[in-house]
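J.: Dropping a structure here in structure tokens format, bear with me for questions.
What follows is calculated from the coordinates using simple rules that are stated; it is not laboratory data. Predicted model only: the values in this text are computed from it and were never measured. Positions of Cβ are generated from backbone atoms using ideal geometry, with glycine treated the same way; all protein chains shown enter the neighbour counts.
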Amino acid sequence: MSFKTTYEHWLESHSARRTGERLRRLQEGHGHAERTFAEQVWWPAFGQFHDLHPEYEISDFRDGRRYLDFALIRRRHRLAIEIDGYGPHLQRISRTQFADQWMRQNHLILDGWKILRFSYDDVAEKPRMCQSLLSQYMGRWFGGTGMHAAKLTSEEKDILRFALQQKQPLQVKEICSLLGVEQQKARKLLKQLLALGYLRAYGQSSLKRIARYEVASGISLDDLGF
């Protein structure tokens, strides 16, 4: 099914199981930013919404009730996903509210939750980077699923396979030889993988002129589905 059809069925199924404040929160709290995340990040990465709950109610550390933008509940594993916009609400927040939101996050962690936060700008403008981070998370906690590699080009896959097999830093000239491309093309491909979080600069703090690259920690051939 298409995103639109699956997404609407998913929301309808959650609405049907809710009443009162929980239903109102889903209807009013799940807005543009959350739909953008669902459409541009979650759906392209996984193609389904199994175990993902929108506007998920949790007990507040002050005995109240709060809502997460999304919660992934899979067996005993709990992941909170929050989409943070940079707008008037954030700019008008009081010092007390600012402190409260971080204390809320601390208590979630103490209660056994994992947390991923995305800015709305990254969701809207850098969805592939967000997809990559989520897929790496899934691979780490739920085993290799091949979801990492689903959206990579054949050239990007070849570079990662080569890097993982040789187990030493990559140089631009090696990618030129591997793919039969010019240096400009090789640098572009390496920088794309850097931006997606698959590679990182090797042995230097400045990203202006990267001489060598290495595979980011936590990525393996099994996780990538190679």
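J.: Through the Karplus equation 6.51 cos²θ - 1.76 cosθ + 1.60, θ set to phi - 60°, convert the phi angles of region 66-76 into ³J(HN,Hα) values in whole Hz; use x for Gly and Pro.
T.: Going residue by residue, I get 9, 10, 8, 4, 9, 9, 9, 10, 9, 6, 9 Hz, with x marking Gly and Pro.
J.: What spacing in nm lies between the two simple spin-label points modelled at residue 3 and residue 74, each 7 Å away from Cα in the Cβ direction?
T.: 2.1 nm
J.: Given labels modelled 7 Å from the Cα in the Cβ direction, how far is it in nm from residue 99 to residue 184?
T.: 5.6 nm
J.: I'd like the FRET efficiency for residue 106 and residue 141, computed as 1/(1 + (r/R0)^6) with the beta carbon distance as r and R0 of 30 Å, rounded to 0.05. All intermediate terms of the calculation are to be shown ahead of the outcome.
T.: Working: r = 21 Å, r/R0 = 0.69.
Once rounded, the FRET efficiency stands at 0.90.
J.: Mind telling me which of 125, 55, 12 comes out most flexible in a GNM of the chain, alpha-carbon contacts under 10 Å?
T.: With Cα springs under 10 Å in the chain, the top fluctuation among 125, 55, 12 is at 12.
J.: Over the residues of the chain, compute the C-alpha Rg and express it relative to 2.2 N^0.38 Å.
T.: 1.17
J.: By count of other Cβ within 10 Å, fewest leading, how are 181, 215, 41, 172 ordered? Please list the in-between numbers first.
T.: Values: 181 15, 215 21, 41 25, 172 18.
Listing 181, 215, 41, 172 from fewest to most nearby Cβ atoms yields 181, 172, 215, 41.
J.: Something else now. Taking the simple approach of a point 7 Å from Cα along Cα-to-Cβ for both residue 84 and residue 121, what is their distance in nm?
T.: Here the modelled spin labels are 1.2 nm apart.
J.: Say the dipole of the chain comes from +1 at the beta carbon of Lys and Arg and -1 at that of Asp and Glu; which of 169, 102, 41 then lies farthest toward its positive end?
T.: 169
J.: Can you give the helix-only mean residue ellipticity at 222 nm for the chain, where every DSSP H stretch with n ≥ 4 adds -39500 (n - 2.57) and the sum goes over all residues, rounded to the nearest 500 deg cm²/dmol?
T.: -14500 deg cm²/dmol
J.: In terms of modelled amide H atoms, which long-range or inter-chain residues lie less than 5 Å from the amide H of residue 216?
T.: Amide H to amide H, under 5 Å and 5 or more residues apart or across chains, residue 216 pairs with 199, 200.
J.: Also: I want to verify a result. In a Gaussian network model of the chain, Cα cutoff 10 Å, which of these has the top mean-square fluctuation: 187, 104, 75?
T.: In this elastic network of the chain, the residue with the biggest mean-square fluctuation among 187, 104, 75 is 75.
J.: Looking only at 84, 122, 51, which one moves most when the chain is put into a Gaussian network model with springs between Cα atoms under 10 Å?
T.: 51
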